[in-house]
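Colleague: One structure is given below, represented as structure tokens, and several questions about it will come after.
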């Protein structure tokens, strides 16, 4: 993908994640410096739509990012060559201490508040399950039909069973974190995204899930998990 088109796609994704408003050439022109005219931005958006990165609910409306666009964005911010240095965030100090002290309930609750997501922890050996943040997750979602809401509730209710069942999805992965956009091995609602990471302490596995709307702040979530993992390794 050409750099200009990549810049427009990335800017559109960041704006949508931040505001939830459909992407338009006018807003991109006003909020970013691409050094091209609005007509050229419009042409690039049309091209990105044709390629499946955006879609329109109405022909006259703005554009919404597709799963393909979110995947592109996550891959870009996960690129090791693009990573900036991670300093320990002061607000995470308490989180790290909770984890080290074995206070998993407090750890999960604080993480949910920090990232504004549904935070889930699972210890396979002991089959301990922790969760916090379901209410704030629901508040961020937009439901067009009652069935959409019920699908999220069902995912929430079946999480413990899906995590502890015989088809333990995390055993199939060696590289962490894993990002699932839309449906995941433990969620079926297409409105959700899930970031899964595996932590290890004294030979025991702790599986951590960050579940949010598809327009969740992927960059902050991934950075937070990296800071946590690095701090625990060094501690």
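Colleague: Out of 221, 132, 47, any idea which swings most in a Gaussian network model of the chain, alpha carbons joined below 10 Å?
Modeller: 47
Colleague: Additional query: What's the FRET efficiency of residue 233 with residue 138 using the Cβ-Cβ distance as r and R₀ = 30 Å, to the nearest 0.05?
Modeller: Details: r = 34 Å, r/R0 = 1.13.
The pair residue 233/residue 138 has a calculated efficiency of 0.30.
Colleague: Compute the acute angle (0 to 90°) between the alpha-carbon long axis of helix 146-164 and the principal axis of greatest extent of the alpha-carbon atoms of the chain; round to the nearest 10°.
Modeller: Approximately 40 degrees, to the nearest ten.
Colleague: Next question. For the chain, set up a GNM with springs between Cα atoms under 10 Å and report which of 224, 50, 24 has the largest fluctuation.
Modeller: Looking only at 224, 50, 24, the biggest GNM fluctuation is shown by 50.
Colleague: Output the 0 to 90 degree angle, nearest 10, between the alpha-carbon long axis of helix 3-19 and the longest principal axis computed from the alpha carbons of the chain.
Modeller: Between the helix axis and the principal axis of the chain, the angle is about 60 degrees.
Colleague: Hey, what angle do you get for helix 38-50 against the long axis of the chain, alpha-carbon based, 0 to 90 degrees rounded to 10?
Modeller: Tilt of helix 38-50: around 60 degrees.
Colleague: While we're here: May I ask you to compute the full-extension gain from residue 97 to residue 1, defined as 0.36 nm times their residue separation minus their alpha-carbon distance, rounded to one decimal in nm?
Modeller: Contour length minus the Cα-Cα distance gives 30.3 nm.
Colleague: Here are a few candidate values for mean projected area of the Cα convex hull in nm²: [x] 12.8; [y] 17.7; [z] 14.2. Which one was actually calculated from the structure I just gave you?
Modeller: Working out mean projected area of the Cα convex hull in nm² from the coordinates points to [z].
Throughout, read-outs are computed from the coordinates displayed, never taken from laboratory work. The shown structure was predicted, so the numbers you read here are calculated from the model rather than taken from an experiment. Every residue, glycine as well, gets a Cβ built from its backbone with ideal geometry; the counts of neighbours run over all protein chains shown.
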